[in-house]
Amino acid sequence: MTGIFSAAFDQMLLALFRVFFIILLAGILVRKNIIHKNQIDALSRVTVLVLLPALVFGNTLQFFDPAKLSYWWILPLLGVALSLLGLISAYVIFLPRPLQQKNLLAIAAMQNAGYLVLPIGQIIYPTQFKTFSLLTFLFILGYNPVLWTLGKYLITSTNTSTVQIDWRKIITPPAAANIISLVLVMLGWQSIFPKPLIDSIHFLGEAAVPMATFVLGATLGAIVFKEMASWVAIVKVLSVKYILIPLVVVVSLWYFKIGISYPLLADFLVIQSAAAPATGLIIQVRAYGGQQQKVASIMLIAYVFCLIAMPFWIALWHSLNAGFSLL
């Protein structure tokens, strides 16, 4: 078991280092003013409006087979469920006054479900990445509305704040591409698109993951903060994000034997459960107000801790699953 743990830990750590090297490089370029905010915004728009929709559309039309991925409809529900698990866990940890620290609940509960998870999947599961990316976008289909409604309310909340739903943020271009391509496949209409066209769309989508990783680093690098959050708050957020949530997920997967029947799905959920906070949260604070210094400081610390937490949990999961398989 020790060998399995070490191998899985090393593989995930190496993958994270490769991803974080790109993130660090992008952050340095921003800090040194080699890349400016308007350029980050432009790269982000290209990624969201063109590259990610192309990746979703091309992969879904080419590789999504409902008969082979029979559990596909569960993924959006799991996206909602994992967010609620995080919020409930954070609520308990921040008792007796959790509602006085709503923004901390959001940081603890809302993970980077796409920009961080996709490049990790591409590195660790190269032969299964097409399926991994489908899992990711189906998961985000349920997760994204929670992030941009409840998550936005919590991260920008003040004593007088109200819930304001911006549907333009919920129905993003990748989400629209996801829904449209799913409907086309379910109706059996994917064949109406010429293969050269689909191949071109897929080729364009292959640039989405490295570009998204660079945008993530540039976004984090653009964070400016002068004040640190309290260490008590930081410890509580990290405890929820990197202990409670992945612990519940790993135990649930082990109990229901998901790793035996659906190993890639199980790995995917463990990775999601131990992912760093969503960069969408800092974007929401900038756009709609909130305690930017407090949020930024916790976000950056959480990304550093992710380098250890994610390899640990995927390694522990592989060890438990291997032991269960031998029974």
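Among the listed residues ILE180, ILE165, identify the single one that is over 30 Å from ALA15 (Cβ atoms), more than 18 Å from the chain's Cα centre (by Cα) and at pLDDT 90 or above.
Just a single option satisfies the conditions, and that option is ILE180.
Do we find a residue being of a type outside the set (A, V, I, L, M), in contact with an Asp or Glu (Cβ under 9 Å, 6 or more places away or on another chain), part of a helix (DSSP H, G or I) and buried (at least 22 other Cβ atoms within 10 Å of the Cβ) anywhere in region 258-278? There is at least one residue in region 258-278 that is of a type outside the set (A, V, I, L, M), in contact with an Asp or Glu (Cβ under 9 Å, 6 or more places away or on another chain), part of a helix (DSSP H, G or I) and buried (at least 22 other Cβ atoms within 10 Å of the Cβ).
Hey, any hits in region 64-72 for a residue that's among the hydroxyl-bearing types (Ser, Thr, Tyr) and exposed (fewer than 13 other Cβ atoms within 10 Å of the Cβ)?
yes
Residues of region 279-292 that are among the small types (Gly, Ala, Ser) and not in a helix (DSSP H, G or I): GLY289, GLY290. Among the residues of region 110-121, just one is farther than 13 Å from PHE268 by Cβ and in a helix (DSSP H, G or I), namely PRO119.
Select, from VAL295, VAL304, the only residue that is part of a helix (DSSP H, G or I), at negative phi, among the hydrophobic types (A, V, I, L, M, F, W, C) and free of Cβ contacts under 8 Å to residues at least 24 places away in the same chain. Walk me through it before giving the result.
On the way: VAL295 fails: free of Cβ contacts under 8 Å to residues at least 24 places away in the same chain.
Sole residue among the options that is part of a helix (DSSP H, G or I), at negative phi, among the hydrophobic types (A, V, I, L, M, F, W, C) and free of Cβ contacts under 8 Å to residues at least 24 places away in the same chain: VAL304.
Number of residues in region 168-220 that are in a helix (DSSP H, G or I) and either in contact with an Asp or Glu (Cβ under 6 Å, 6 or more places away or on another chain) or among the aromatic types (Phe, Trp, Tyr) (or both): the value is 2. Tell me, which residue of region 10-45 that is β-branched (Val, Ile, Thr) and more than 22 Å from ILE123 (Cα to Cα) is surrounded by the fewest Cβ atoms within 10 Å (Cβ to Cβ)? Residue satisfying both the conditions and the ranking: ILE34. Taken over region 44-80, the criterion of being part of a helix (DSSP H, G or I) and free of Cβ contacts under 8 Å to residues at least 40 places away in the same chain is satisfied by ARG45, ILE74.
Conditions (1) at pLDDT below 95; (2) among the polar types (S, T, N, Q); (3) touching a Cys at 6+ places or on another chain (Cβ under 6 Å); (4) not in a loop (DSSP other than H, G, I, E, B), marked per residue:
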position	(1), (2), (3), (4)
GLY86	no, no, no, yes
LEU95	yes, no, no, no
ALA108	no, no, no, yes
LYS130	yes, no, no, yes
GLY142	yes, no, no, yes
VAL146	yes, no, no, yes
LYS152	yes, no, no, yes
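Among all positions in region 4-26, there is no residue which is at pLDDT below 90, among the polar types (S, T, N, Q) and farther than 30 Å from ILE180 by Cα. Among the criteria (1) hydroxyl-bearing (Ser, Thr, Tyr); (2) more than 28 Å from ARG286 (Cβ to Cβ); (3) touching a Leu at 6+ places or on another chain (Cβ under 9 Å), the one THR127 does not fulfil is (3).
The values are calculated or read from the model by the stated rules, or taken from the named source; none is laboratory data. For clarity, every value in this text was computed on a predicted model and none was experimentally measured. Cβ atoms come from the backbone with ideal geometry, glycine included; neighbour counts cover every protein chain shown.
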